[in-house]
Amino acid sequence: MARSSSNSVSTAEDPLRRWLGTVQARSAGLVASEAKVVDLVLEDPLFVGRSTTAQVAERAGVSAPSVIRAARAIGFSGFAELKLEIARARGTAEFFAPPHTLTSTDSTRTIIDTTARTGIDALTALSGAIDPDALDQAVSAIRGAGQLLAYGAGPSATVAADVVFRLRSLGVRTSGVVDHESAMIAARLLDPGDVVVAVSSTGRTDMTVAIADAAATADATVIAITNQYGTPLTDVSAVALVVGGAPLTTQMAAAGSRLAQLVVVDALAAALALRDPDRVSRAERAGIDLPDIT
C-alpha cells in the first residue's frame, strides 16, 4: 500500500504517535481484511479520523463490515469509537469542551468572568497583531473589486456572514456561499481583481485553503482573516489580516478568536467607508426601509 506523505505517522503529533503505539500492540492475530484496515490506521490516522466507514473500506480494499470488525478487533466498540479516540489523541475532541481552567463546581459568575477574560485577551492581542498596512491593502482591493466572495467553515462561517452583511451595506457586490462545492465553483469563476475574504482561525482548514487557492489561481485577490502568519492560508493570500491570540485548543479560545475577527470586519468596514465617502450615502440608502432601532 502506497504511503501518504501528507498525513503519515511521521507528521503526526506526539500524543497521536503514542496512541498509535497502543493500536500496534493490539494488532497481532488479525485476519487479512482486518489487518488491511489497521495498517491504514497506522499509516494514515488523519484520513481515517475524518472519513466515513465506506471511504476507509474503499481505500483499504475491504468491505464496510470489515472496517467495523477491525475496530472491534483492536478493542473499540465500533468505528465511531475508533474515530473518537483518534480525535482525542490529536486534541480535536476538546474543541467544543469547556476549558480545563473551569470545573463543574465553579460558580456561574466564574464561568462568566472566564469567558469575558477570553474575549478581552483576544482583543488585546488584536491591537498589537493587526497590521495597518495590511488593512489599507484590503480596503484598496475591495474598492477596486467587481465582486467579493466571503467564505468560512464551521465557526468561521459566522464571521464570513458578517463580512457579507457589513460590506454589502456599503455597496460592495458581496456573496457568501455556505457549501464547499458551490464556493469552489464561485471562486474559479471570479475575474482578475475580484476579492475573496477567507476566514479561518487556524489558517489550516482544508476547504477554506482550497477555495483561497482556487481564487488566487483565477487572479482574484485573496484576503485572509486568521490568527497567525506562516500558515497554508496566509501562504496563498495576497493580504493577511492577522489577529494573533492564544492557540485554539478549546472552544473558549475559538470564541475569543471569533470576537477579534469580528472587530477586524468592523475596522475593515469603517476604513472602507471613510476612504470612500460615497459609500456612506449608499449605506444610508440601504437602511431606509429597516425597522426603527433607536
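Report P(r) for region 101-236: all Cα-Cα distances, bin width 10 Å, range 0 to the bin holding the largest distance, values in whole percent.
It works out to 12, 38, 30, 13, 6, 1, in whole percents.
Run the numbers on region 187-237 and let me know its relative contact order in percent, using alpha-carbon pairs under 8 Å that are six or more apart.
Working: 99 pairs, mean separation 23.3, N = 51.
Dividing the mean separation by the residue count of region 187-237 yields 46 percent.
Provide the convex hull volume over Cα atoms per residue for region 15-90, in Å³.
69
In debye to the nearest 20, how big a dipole does region 126-286 give about its Cα centre with +1 on each Lys and Arg Cβ and -1 on each Asp and Glu Cβ?
Values: 11 positive and 16 negative charges, 82 e Å.
Using Cβ point charges on Lys, Arg, Asp and Glu, region 126-286 gives about 400 debye.
Within region 126-286, what whole-number % of the accessible surface is contributed by carbon and sulfur, with the 1.4 Å probe and all protein chains included in the calculation? Don't jump to the answer; show the numbers that get you there.
On the way: 3840 of 7000 Å².
The nonpolar share, carbon plus sulfur, comes to 55 percent.
How large is ³J(HN,Hα) for each residue in region 193-202, as worked out from phi by the Karplus curve 6.51 cos²θ - 1.76 cosθ + 1.60 (θ = phi - 60°), to whole Hz, x for Gly and Pro?
Here the 3J(HN,Hα) series is x, 5, 10, 10, 9, 9, 10, 7, 4, 7 Hz.
Using a cut-off of under 17 Å, list every residue of region 153-193 whose amide N is near the label point 7 Å from the Cα of GLU58 along the Cα-to-beta-carbon line.
181
If you place +1 on the Cβ of every Lys and Arg, -1 on the Cβ of every Asp and Glu, and leave all else neutral, what size is the dipole of region 15-90 about its Cα centre, to the nearest 20 Debye?
220
The values are calculated or read from the model by the stated rules, or taken from the named source; none is laboratory data. Quick caveat: nothing in here was measured; it's all calculated off a predicted structure. For neighbour counting, all protein chains shown are included, and Cβ atoms are generated from backbone atoms with ideal geometry for every residue, glycine included. These area figures cover heavy atoms from the full protein model, side chains too; ligands, DNA and RNA do not enter into them. Shrake-Rupley method; radii C 1.70, N 1.55, O 1.52, S 1.80 Å.
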